[in-house]
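Engineer: Just passing along the structure, written as structure tokens.
The values are calculated or read from the model by the stated rules, or taken from the named source; none is laboratory data. Everything quoted here is computed from the prediction, not taken from an experiment. Here the Cβ is made from the backbone with ideal geometry for all residues, glycine too, and neighbour counts use every protein chain on show. The area values use the complete protein model at the heavy-atom level, side chains included, leaving out ligands, DNA and RNA. Shrake-Rupley method; radii C 1.70, N 1.55, O 1.52, S 1.80 Å.
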Amino acid sequence: MSSDFEAYEQDFGTITAEITNKIGRIPKLSGEEKTQLVLNVDKQLEEVRELLEQMDLEVREIPIQSRAMYNSRLKSYKQEMEKLEKDFKRSRIAYSDEVRNELLGDDASSSESQRAHLLDNTEKLERSSRRLEAGYQIAVETEQVGQEILGNLHSDREKIQRARERLRETDANLGKSSRILTGMLRRIIQNRVLVFILGAIILLTIILAIYFNVRGH
């Protein structure tokens, strides 16, 4: 499972390096060449988003004891992706402003404050989206931990029930053994009493025999 994640990491590094290089070239180009480069970068960014989704799915399948390390790496890749998107937006805005300046001349400079305001609002929306995504990730991980805890509790409950059943069986066996021992002890006492009585009768018979024998002489 981790080998798949590392393969996605390699693809991520390769594609983001290409995107970084192309974003740096956008302001230096013009016309159709610049338009094609913008479209190409947009397509590669979509590929990176799909890679991040695959990496996110892989992390969810990794055992929980190793998941924290991969979550940290995935988080850094998402932050890198956000930076690339911001750089790309700035380069596209600069590209749009250049085209608008060529068409409108000095009138286009009056929209600079509007562009800055739009960029600020866009960044705010992105921050809110990241917070929602982080909250969703925490909820998913919490649900997984809860399921594991419930599974452990269910297993512990079954073990306790089996232990109780064994204790009941042991208690029943002890009760049966106690009754057997009590019966044996009762029979031993009865036998001893009988032996004592028989001994007393024999002794009395001997005494009487001796007495009548002496008296007859």
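Engineer: Taking only the range 10-31 into account, find how many residues are open to solvent by 30 Å² or more (accessible area, probe 1.4 Å) and within 26 Å of the chain's Cα centre (by Cα).
Structural biologist: Matching residues across the range 10-31 total 1.
Engineer: I want to confirm something. Restricting to the range 64-77 and keeping residues that are closer than 23 Å to Ile23 by Cα and surrounded by fewer than 16 Cβ atoms within 10 Å (Cβ to Cβ), which single residue is nearest to the chain's Cα centre (by Cα)?
Structural biologist: Of the range 64-77, the ones closer than 23 Å to Ile23 by Cα are 74-77.
From what's left, surrounded by fewer than 16 Cβ atoms within 10 Å (Cβ to Cβ): 75-76.
Values: Lys75: 17, Ser76: 20 Å.
Looking at the filtered set, the residue picked out is Lys75.
Engineer: Going by the structure shown, is Val48 modelled with pLDDT of 90 or more, in contact with a Lys or Arg (Cβ under 8 Å, 6 or more places away or on another chain), assigned to a helix (DSSP H, G or I) and open to solvent by less than 40 Å² (accessible area, probe 1.4 Å)? Break it down into steps so the answer makes sense when it comes.
Structural biologist: Details: modelled with pLDDT of 90 or more: yes; in contact with a Lys or Arg (Cβ under 8 Å, 6 or more places away or on another chain): no; assigned to a helix (DSSP H, G or I): yes; open to solvent by less than 40 Å² (accessible area, probe 1.4 Å): yes.
Taking the combined requirement at face value, the residue does not satisfy it.
Engineer: Among Lys43, Lys83, Lys34, which is over 30 Å from the mean Cα position of the chain (by Cα), loosely packed, with under 14 Cβ neighbours inside 10 Å and assigned to a helix (DSSP H, G or I)?
Structural biologist: Lys43
Engineer: OK, next. Mind listing whichever residues of the range 154-195 are within 30 Å of Gln65 (Cβ to Cβ) and open to solvent by 100 Å² or more (accessible area, probe 1.4 Å)?
Structural biologist: Of everything in the range 154-195, those that are within 30 Å of Gln65 (Cβ to Cβ) and open to solvent by 100 Å² or more (accessible area, probe 1.4 Å) turn out to be His154, Arg157, Lys159, Arg162.
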